[in-house]
Structure formats: C-alpha cells, structure tokens
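The values are calculated or read from the model by the stated rules, or taken from the named source; none is laboratory data. Worth saying up front: this structure is predicted, and the values here are computed from it rather than measured. Positions of Cβ are backbone-derived with ideal geometry, glycine not excepted, and every protein chain shown enters the neighbour counts. Ligands, DNA and RNA are excluded from the accessible area calculation, which covers all protein heavy atoms including side chains. Shrake-Rupley method; radii C 1.70, N 1.55, O 1.52, S 1.80 Å.
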Amino acid sequence: MRLCRFDENRLGLALGEEIRDVTQALDVLPSVRWPVPRGDLMIASLAALRARIEEIAGTAPVVARSAIRLLSPVANPGKIIAAPVNYQLHLDEARADPGIHFGAQVKTIDEYGLFLKATSSLAGCDEGVVLGRTQRRIDHEVELAVVIGPGGRNIAEADALAHVAGYMIGLDMSVRGTEDRSYRKSLDTFTVLGPHLVTADEIADPGALDLELAVNGEVRQASNTSHLIYGIAKLIAYASAAYTLDAGDVILTGTPEGVGPVRPGDVMSAWIEGIGRMDVAVR
Ligand code: MN
C-alpha cells in the first residue's frame, strides 16, 4: 500500500497515478491526551488503518496530484536517525574533498555510530527546501528512508526487517562545515521525506534498490542500496542497541557518492526503484 499525507493532514491512497482521499480511515486511530505516547500514531495503528482503508477505498474521492500539496508521509517521527558515510564511494569522496571534510579525518560508520536529526527539520516534497540567506555550501544527499513499525530495543539483525513498516525517499540536506552533524543537518526543511510511504510488503528486497538524484535534470547521484556498508537490517540492530525504536521512527540509511551543492531556484528530482519519484524545489 502507498500512503501519502497532503494539504491539511489529509490521508491519500496512491493507486498508480491516481490518489484517493481516504482521510475518513483515520477514525480508527485512538484519541489521546497528554502526555501523548512516544511515536507516530498513524504508524502505530497501521494494521487497523490499512484494513479500514481497504473498506472505504472503492468509494473514496479521487484527487488530482497537481491539485494537492504533499507533506511528509510520517507526521510525527519520534526520532530521525541517520547513518553517516554508509557507502564506500561516498566515504572516498568525503575524504578527497576539502569542501566536505573541512580538515577533519573522515571516519567510518563503525567509529561514528549514528546521529540524530531534529524532527523540526521534516518537510514534504511539495514544501521544498529553504536555504535562506546562507553563503555556506549546502549539499543534496538522497537516501533510502526506513520507517520503523513495531518498535523494540536490542533488535537482532535476523529479526530486523520484521520491524519495518515501510520505505520512503529521503533527502538528508547538509550544510558542509566543521559543526556537529546534528547541527548542520537539522535546519528547518533539511529532512525531506516522500512522496509516499510504501509499505514493507511491496518491497521484496530493500537491499537491492536503484536510487538516483538529479539537479535541474542532470544526474548527480546514482547507485544501488546493495552498496550500503551497513545494510538495513544491520542499521536497525545498530540503532536499537542504543535507542528504543518506536513506531514511526525514521532511519536515513546514508547517501551514495555524487553529493554536491544546490542553490535557490534548483529543482532536485529524487527517485528510488519501487518507491517512486519526487521533485523538490530549493528556495
Ligand atoms: Mn546523509
């Protein structure tokens, strides 16, 4: 199933090129009071939600893609976890380019562990990326984004994929410089997720997906998730050894080689096999 969130928190079901407004299905979500439980309510209720969507989809109104504004499919991830330098050729380019490493020795994911991005950095593809007035180098990083379903702590690698609710395209926008990753990569709009949440049952092997990013039509990044240094199951095990994972947590799995700067006016077009494409304007 392919789910999207659009306009004022409406829920969409994507069927080929068609999107059906299935917002009514959100009635199955529990009503909560403060303090709200950790995690994303929609992802935590995904099984019941899917069943309700199946019931109403046939009569749900069709909306035109051009008439709606896509938001991040996951509204309230408790954590945005990200993998540093998780493709060998990106590690190589980071070590070779002073505009990326800024004099620091670029280590490996074994040495770095993972890092966290502020949840306020989240944006949908139609909201775009806002660079502001900075003169700093700000790079695109296209990544497979994994959404956690059933949470857990100390999840074994062998069981890890059973904890995945689905997949999205992620953009881990990054100011280059000397500051900590959590600072440079957490600006507002610097985590773009979309266009849809594709549920895990639709992706036979997330470790063998082509991914690509073009800027203004020119391909900058092209790789396959088979080149991940830490694959998806290992990343889930690695993350859950440190943090309890909750439904709706997002893991950005790392970017392949070809990162480079964007400027206001650019349009990034990101594509991942089996997930789709999203065009993201830079302002
Ligand atoms: Mn990244």
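Show the residue pairs meeting these rules: Cβ distance below 6 Å; 6+ apart or different chains; first residue within region 103-115 and farther than 15 Å from ALA241 by Cα; second residue outside any loop (DSSP other than H, G, I, E, B) and open to solvent by 30 Å² or more (accessible area, probe 1.4 Å).
Close Cβ pairs satisfying both conditions: VAL106/ARG95.
Name every residue in region 202-226 that is in contact (Cβ under 8 Å) with a residue 60 or more places away in the chain and within 18 Å of the chain's Cα centre (by Cα), in order of residue number.
GLU202, ILE203, PRO206, LEU209, ASP210, LEU211, GLU212, LEU213, GLN221, SER223, THR225, listed by residue number.
Name the residue that is farthest from ARG65 (Cα to Cα), counting only residues in region 1-25 that are touching a residue at least 12 places away in the same chain (Cβ under 8 Å) and open to solvent by 50 Å² or more (accessible area, probe 1.4 Å). Spell out how you get there, then give the answer.
Within region 1-25, the first condition is being touching a residue at least 12 places away in the same chain (Cβ under 8 Å), and the residues that meet it are 1-7, 9-15, 17-25.
Pick out the ones that are also open to solvent by 50 Å² or more (accessible area, probe 1.4 Å) and you get 2, 7, 9-10, 15, 17-18, 24.
On the way: ARG2: 14, ASP7: 11, ASN9: 15, ARG10: 13, LEU15: 12, GLU17: 8, GLU18: 8, GLN24: 19 Å.
My answer is GLN24.
Does ASP180 satisfy being among the acidic types (Asp, Glu), closer than 30 Å to HIS101 by Cα and open to solvent by less than 20 Å² (accessible area, probe 1.4 Å)? So that I can check it myself, show each step before the final result.
On the way: among the acidic types (Asp, Glu): yes; closer than 30 Å to HIS101 by Cα: yes; open to solvent by less than 20 Å² (accessible area, probe 1.4 Å): no.
No; evaluated as a whole, the condition is false for this residue.
Residues are listed down the side, and each one gets a yes or a no for (1) surrounded by fewer than 24 Cβ atoms within 10 Å (Cβ to Cβ); (2) closer than 23 Å to THR244 by Cα:
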residue	(1), (2)
LEU161	yes, yes
GLY170	no, yes
LEU187	yes, no
LEU193	no, yes
GLU212	yes, no
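May I ask you to verify whether GLU55 is of a type outside the set (Val, Ile, Thr), open to solvent by 70 Å² or more (accessible area, probe 1.4 Å), at pLDDT below 95 and more than 30 Å from VAL175 (Cβ to Cβ)? Can you show your working first?
On the way: of a type outside the set (Val, Ile, Thr): yes; open to solvent by 70 Å² or more (accessible area, probe 1.4 Å): yes; at pLDDT below 95: no; more than 30 Å from VAL175 (Cβ to Cβ): yes.
Answer is no for this residue.
If I filter region 65-72 for residues that are β-branched (Val, Ile, Thr), out of contact with any Phe, Trp or Tyr (no Cβ under 6 Å at 6 or more places or on another chain), more than 16 Å from the ligand (Cβ to nearest atom) and modelled with pLDDT of 95 or more, do I get at least one hit? Spell out how you get there, then give the answer.
First, pick out the residues of region 65-72 that are β-branched (Val, Ile, Thr): 68.
Restricting the remaining residues to those that are out of contact with any Phe, Trp or Tyr (no Cβ under 6 Å at 6 or more places or on another chain) gives none.
The answer is no; no qualifying residue exists.
Given the criterion more than 23 Å from LEU71 (Cα to Cα) and either touching a Gly at 6+ places or on another chain (Cβ under 6 Å) or among the basic types (Lys, Arg) (or both), identify the matching residue among GLY260, GLY231, GLY248.
Working: GLY260 fails: either touching a Gly at 6+ places or on another chain (Cβ under 6 Å) or among the basic types (Lys, Arg) (or both); GLY248 fails: more than 23 Å from LEU71 (Cα to Cα).
Only one candidate qualifies: GLY231.
Among the residues of region 72-116, count how many are open to solvent by less than 20 Å² (accessible area, probe 1.4 Å), farther than 14 Å from LEU228 by Cα and β-branched (Val, Ile, Thr).
Final tally of qualifying residues: 4.
Residue-wise test of (1) under 23 Å from the mean Cα position of the chain (by Cα); (2) within 16 Å of the ligand (Cβ to nearest atom).
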position	(1), (2)
ALA44	yes, no
PRO61	no, no
ALA83	yes, yes
LEU91	yes, yes
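Scan region 55-68 and give yes if some residue there is under 28 Å from LYS234 (Cα atoms) and in contact (Cβ under 8 Å) with a residue 24 or more places away in the chain, otherwise no. Steps first, please.
Step one: of region 55-68, the residues under 28 Å from LYS234 (Cα atoms) are none.
No, there is no match, as no residue in region 55-68 is under 28 Å from LYS234 (Cα atoms) and in contact (Cβ under 8 Å) with a residue 24 or more places away in the chain.
Taking the condition of being touching a helix residue (DSSP H, G or I) at 6+ places or on another chain (Cβ under 9 Å) and either under 20 Å from VAL147 (Cα atoms) or open to solvent by 60 Å² or more (accessible area, probe 1.4 Å) (or both), how many residues in region 260-274 meet it?
So the answer is 3.
Pick from GLY39, GLY78: which is modelled with pLDDT of 95 or more, touching a helix residue (DSSP H, G or I) at 6+ places or on another chain (Cβ under 9 Å) and not aliphatic (A, V, I, L, M)?
Details: GLY39 fails: touching a helix residue (DSSP H, G or I) at 6+ places or on another chain (Cβ under 9 Å).
Unique residue meeting the criteria: GLY78.
Among the candidates ARG133, ARG137, ARG181, single out the residue that is at pLDDT below 95 and over 27 Å from LEU49 (Cβ atoms). Give the steps one after another, and end with the answer.
Details: ARG137 fails: at pLDDT below 95; ARG181 fails: at pLDDT below 95.
One residue alone meets the criteria, ARG133.
Can you tell me which residue in region 241-257 is nearest to the ligand (Cβ to nearest atom), limited to those that are small (Gly, Ala, Ser) and out of contact with any helix residue (DSSP H, G or I) (no Cβ under 8 Å at 6 or more places or on another chain)? Step through it out loud before you land on a result.
Initially, region 241-257 is screened for residues small (Gly, Ala, Ser), giving 241-242, 247-248, 254.
In the following step, the residues that additionally are out of contact with any helix residue (DSSP H, G or I) (no Cβ under 8 Å at 6 or more places or on another chain) were identified as 241-242.
On the way: ALA241: 20, ALA242: 18 Å.
Result: ALA242.
Out of region 120-140, which residues are assigned to a loop (DSSP other than H, G, I, E, B) and open to solvent by 10 Å² or more (accessible area, probe 1.4 Å)? Give the derivation first.
To start, the set of residues in region 120-140 that are assigned to a loop (DSSP other than H, G, I, E, B) comprises 125-128, 130-137.
Answer for region 120-140, where residues must be assigned to a loop (DSSP other than H, G, I, E, B) and open to solvent by 10 Å² or more (accessible area, probe 1.4 Å): ASP126, GLU127, VAL130, LEU131, GLY132, ARG133, THR134, GLN135, ARG136, ARG137.
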